[in-house]
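Each remark here refers to the structure printed beneath this line.
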Amino acid sequence: MTAPELADIGKGFDAELGLKYLDVTPDGGRAQLTITDKVLQPWGIVHGGVYCAIVESLASVSGHVWLSEHGGGTVVGVNNNTDFLRAIKSGTVTAVSEPIHRGRRQQLWLITITDEDGRLVARGQVRLQNIES
């Protein structure tokens, strides 16, 4: 996707969260989030819901980009299963999407989220329903 297209998809909730898309292709994408106080839970670590949101957003955008080249339409999430593996308090996390299955009716995407040292902090899978235009 071009820079303006990436800016367009980074609106709404993603913008409120601070999620920035670095690149998205039909075969996967990358996004980053700089940790700020607004995404921490009361004990000073990143709230698990932040990771769920990153996983959902990057999977949905990746799935939509793939589907737009394979028949058109859009996608909606039908399941999000996110594991929180390492507590962090600051820095920047990078999320990477990878397709597990892309079919006529549904898609399944794996999202890994790492810290600045490349350590896995969370991972999730999102099942998407393909919706015809």
Given (1) polar (S, T, N, Q); (2) crowded, with 17+ Cβ neighbours inside 10 Å; (3) part of a strand (DSSP E or B), index of the condition ASN81 fails:
(2)
Which pairs do you get when a residue that is closer than 18 Å to THR74 by Cβ, found in segment 100-115, comes within reach of a residue that is hydroxyl-bearing (Ser, Thr, Tyr) and buried (at least 16 other Cβ atoms within 10 Å of the Cβ), reach meaning Cβ atoms under 9 angstrom, with the pair 6+ apart or on two chains?
GLN107/SER62; TRP109/SER60; TRP109/SER62; TRP109/SER97
Any residue in segment 65-76 that is part of a strand (DSSP E or B), touching a strand residue (DSSP E or B) at 6+ places or on another chain (Cβ under 9 Å), open to solvent by less than 70 Å² (accessible area, probe 1.4 Å) and at pLDDT below 95?
yes
Tally up the residues in segment 85-97 that are open to solvent by 90 Å² or more (accessible area, probe 1.4 Å) and closer than 13 Å to THR114 by Cβ, please.
2
Which condition from (1) under 21 Å from GLN129 (Cα atoms); (2) not in a helix (DSSP H, G or I) is the one that TRP43 breaks?
(1)
State whether the residues of segment 33-56 include one that is small (Gly, Ala, Ser), under 11 Å from the mean Cα position of the chain (by Cα) and open to solvent by less than 60 Å² (accessible area, probe 1.4 Å).
yes
Could you look through segment 116-133, keep only residues that are farther than 20 Å from ASP83 by Cβ and in contact with a Lys or Arg (Cβ under 9 Å, 6 or more places away or on another chain), and pick out the one that is surrounded by the fewest Cβ atoms within 10 Å (Cβ to Cβ)?
GLN129
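The values are calculated or read from the model by the stated rules, or taken from the named source; none is laboratory data. Predicted model only: the values in this text are computed from it and were never measured. Note: ideal-geometry Cβ built from the backbone for every residue, glycine included; neighbour counts use all protein chains shown. Just so you know, the surface numbers come from the protein's heavy atoms only, side chains and all, with ligands and any DNA or RNA stripped out. Shrake-Rupley method; radii C 1.70, N 1.55, O 1.52, S 1.80 Å.
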